[in-house]
Amino acid sequence: EAYYTEADTENPHRMIRALEVCYTTGKPFSSFRKKNKKQINFKVKYFVLDVEREELYNRINHRVDDMMNQGLEEEAKSLLQFRNLNSLNTVGYKELFEYFDGKYSLQEAVEKIKQHTRNYAKRQLTWFRGVEEAKWITHENLCRLFNL
């Protein structure tokens, strides 16, 4: 069965990846896809830490500041030559690479890292809201549960 019939043709990253696999291996991408999904012998449970949005955003902002103080800028600089790798197309590196290119000041890049991280957290929470069996736990209940 051809991958194209079931592929997300609107997602260029997936289409490019499928083409790379085909050209590199000489095999159709569909030959690498599992026909029968493996059964798992466990039940997945989702636990989501329920934090007020303001507190979550404050934690994110402080965490980004901590990461910068612990050398994120230097780390990103050392990876600059590999910036085209998909694994470095992430929040934090992407904004710092743009800072190195002169697109932003360092302060603007840090603010963008914070904003993009908050956006990502919001998308995660939105996704979990769609998981009917997800259990939402407050920080207080988590501490009580684990005797913290």
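Backbone geometry of segment 133-148 corresponds, through the Karplus equation with coefficients 6.51, -1.76 and 1.60 at θ = phi - 60°, to 3J(HN,Hα) couplings of 8, 5, 9, 9, 10, 6, 4, 4, 5, 5, 4, 5, 4, 9, 6, 8 Hz, x marking Gly and Pro. The ranking of Ser78, Ser30 from fewest to most other beta carbons within 10 Å of each one's beta carbon is Ser78, Ser30.
Annotation for segment 17-39 versus segment 70-91: alpha-carbon center distance of 29 Å.
Less than 5 angstrom separates the built amide H of Asp50 from those of Ile137, Thr138, His139, all sequence-distant by 5 or more or on a different chain.
A value for Cα extents along the principal axes in Å was derived from the coordinates, and within the list [x] 50, 46, 25; [y] 54, 27, 22; [z] 50, 29, 27 it appears as [x]. Ignoring the sites themselves, the chain has its longest run without chymotrypsin sites (Phe, Trp or Tyr not before Pro) in a DSSP loop having at most 15 other Cβ atoms within 10 Å at 47-145.
For segment 85-141, applying the loop criterion from DSSP together with a ceiling of 10 other beta carbons within 10 Å to the GluC sites (Glu not before Pro) yields Glu132, Glu133. Loop-located trypsin sites (Lys or Arg not before Pro) across segment 17-65 with a Cβ neighbour count of 16 or fewer within 10 Å are Arg33, Lys34, Lys35, Lys37, Lys38, Lys43, Lys45, with loop assigned by DSSP.
Test of understanding: ordering Ile16, Ile40, Ile60 by Cβ neighbours within 10 Å, fewest first, what list do you get?
Least to most surrounded, the residues fall as Ile40, Ile16, Ile60.
Pairs on different chains or at least eight residues apart, Cα atoms closer than 13 Å: how many lysine pairs in the chain fit?
7
No lab work stands behind these numbers, since they all come straight from the coordinates. Since this is a predicted model, take the numbers as computed values, not measurements. Note: ideal-geometry Cβ built from the backbone for every residue, glycine included; neighbour counts use all protein chains shown.
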